[in-house]
Amino acid sequence: MEKDGKVKVPNSELPEGKVPGTSKITVPGKPAVEVPVETPGKIIPGAPTTEQPVAIEINQKPNGDAVVTPKKEDGKLYPPGTKVEIPGEDKGGNAITITVMIGDNGSGEVPNDNLPKKAVPGTGTVTEPKKNPSQPVPVTTPAHKKPKLELEQDPKTGDVTVTPKKPDGSTFPPKTKVEIPGENGPITVEIGQDGKGKVPNDKLPKKAVPGTGKITEPGKPTEEVPVETPAHKTPTLDVEQDPKTGDVTVTPKKPDGSPFPRGTKVEIPGKDDHPITVTIGEDGKGKVPNSELPEGKVPGTGKITEPGKPAVEVPVETPAQ
């Protein structure tokens, strides 16, 4: 370091193109400090300057990839091997330069994954082979296109089908992992061959939970998207008392109003905290004789247990004898 606080790097030691990265500054007797920096590319002494572009056009495909096309004043395209540099940002939001190589069709591409989270306005340069860079021209690098996360709840079962979709509407591959907000932490779903995954009704939160969903395609960085996890759909428990006999007919109904199958067990509150158990028959109903009812009404929680499935709790009031 010179007395004026500066140091020079010979042009011959510079890289062929700009190199973004991290610089280290170490003051004698103190620990090194890291700062973001971009090392400029070397200049070719005596080489001509690249013809000034009238524009650097950037058009985004449905899948999010950006097609970069520098244009000359006469409308002609730049030759293959031309390098275009446009503004970008890394995953941490630090400014970087995105380098694009132009092909035989006069254009180059930037994958959607390499684009910034938000559009970045700035300037770009064009460098033809064996020439020095052009003067900068205004350009805006478009934002990375995000995928979508569709959640569809079955009105009969309450189960939710989770379908992550890429920006162009295509599905994600099998083994893609999706996380959606839950009641006590995220709910994780693995995507199958059909591009979908399922969350059983009993795994859903009691109330809808808005938040951020995560999509992780194998071998790629995680994408975050806004999503709302729907609430768990609960069945209902109808308790109807015959005014003549006092007997009670118990009818559990699924979220869509359909009956539970034969063999389903229902518990309703009874005397002295002892539940009354009813087995549902072919007609989707069960009966409690008047003699088994409590002397007064008992509000509380009923349980519905369909064969082979976990019990579901619902509010209910057992009538008096």
Which of (1) farther than 11 Å from Ile304 by Cα; (2) of a type in the set (Lys, Arg); (3) in contact (Cβ under 8 Å) with a residue 60 or more places away in the chain is the odd one out, the single condition Lys244 does not satisfy?
(3)
Filtering region 135-185 down to residues that are of a type in the set (S, T, N, Q) and not in a strand (DSSP E or B), which residue is farthest from Ile58 (Cα to Cα)?
Thr157
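Condition check: surrounded by 13 or more Cβ atoms within 10 Å (Cβ to Cβ), in contact with a Phe, Trp or Tyr (Cβ under 8 Å, 6 or more places away or on another chain) and at positive phi. Does Gly246 satisfy that?
Working: surrounded by 13 or more Cβ atoms within 10 Å (Cβ to Cβ): yes; in contact with a Phe, Trp or Tyr (Cβ under 8 Å, 6 or more places away or on another chain): no; at positive phi: yes.
No; evaluated as a whole, the condition is false for this residue.
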Within region 88-102, is even one residue modelled with pLDDT of 90 or more and either farther than 22 Å from Lys118 by Cβ or in a loop (DSSP other than H, G, I, E, B) (or both)?
yes
What number of residues in region 168-178 are modelled with pLDDT of 95 or more and touching a Pro at 6+ places or on another chain (Cβ under 6 Å)?
3
Lone unmet requirement of (1) surrounded by 15 or more Cβ atoms within 10 Å (Cβ to Cβ); (2) under 30 Å from Pro164 (Cβ atoms) for Thr99
(2)
Among Lys118, Lys165, Lys91, which is the only one that is surrounded by 15 or more Cβ atoms within 10 Å (Cβ to Cβ), farther than 22 Å from Lys71 by Cα and charged (D, E, K, R)?
Lys165
Matching residues in region 1-52 (charged (D, E, K, R), in contact (Cβ under 8 Å) with a residue 40 or more places away in the chain and part of a loop (DSSP other than H, G, I, E, B)) number 2
Would you check which residues across region 37-87 are at pLDDT 95 or above, loosely packed, with under 13 Cβ neighbours inside 10 Å and closer than 18 Å to Pro138 by Cα and list them?
Asn59
Could you give me the residue pairs with C-beta distances under 8 Å whose first residue belongs to region 190-205 and is crowded, with 17+ Cβ neighbours inside 10 Å, whose second residue is part of a strand (DSSP E or B) and of a type in the set (Gly, Ala, Ser) wherever it lies, and which are 6+ apart or on separate chains?
Ile191/Gly197
Do you know which residues across region 53-87 are touching a strand residue (DSSP E or B) at 6+ places or on another chain (Cβ under 6 Å), among the acidic types (Asp, Glu) and either assigned to a loop (DSSP other than H, G, I, E, B) or in contact (Cβ under 8 Å) with a residue 40 or more places away in the chain (or both)?
Asp65, Glu85
Looking at the structure I just gave you, is Thr140 of a type in the set (Ser, Thr, Tyr), under 30 Å from Gln52 (Cα atoms) and more than 17 Å from the chain's Cα centre (by Cα)?
yes
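The values are calculated or read from the model by the stated rules, or taken from the named source; none is laboratory data. All values derive from a computational prediction rather than experimental measurement. Quick reminder, even Gly has a Cβ in these numbers, built from the backbone with ideal geometry, and neighbours come from all protein chains shown.
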